[in-house]
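Taken together, the values in this text are just the output of simple stated rules run on the coordinates, not laboratory data. Being a predicted model, the structure only gives us computed values, none of them experimental. Counting neighbours? That spans all protein chains shown, and the Cβs are built from the backbone with ideal geometry, glycine included.
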């Protein structure tokens, strides 16, 4: 026979992805630390919905090109001289910048559409 005296547990809502969401705060006001955490969420949203820039792509590509140069110099594969390593790093930089920008922009556009925000037209600039 089923147990009818079992204590009721608090309910949580599960999502299709398997994450569980609690009900949230219902009684007391949030503390200053909790409010600060909520503010950091809005800063995160600002960063996520900021339009990608060529400068950001160039910085990331520069870091990757420097890393590639170092890896060629310490010897992944056959030993390269400095000129060859530098040429390969510059070639990688010239490929990574536009490729990184296009990738960032497509991900940003998808994120904006999913959030229901307007995507500015870049052809007017």
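A compact table of results
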{"quantity": "Pairwise label distance in nanometres, residue 119 with residue 103, each label 7 Å out on the Cα-Cβ vector", "calculated": "1.8 nm"}
{"quantity": "Potential lengthening between residue 58 and residue 6 on full extension [0.36 nm per residue; Cα-Cα distance subtracted]", "calculated": "12.6 nm"}
{"quantity": "Length added when fully stretched, residue 49-residue 33, from 0.36 nm per residue minus Cα-Cα", "calculated": "3.3 nm"}
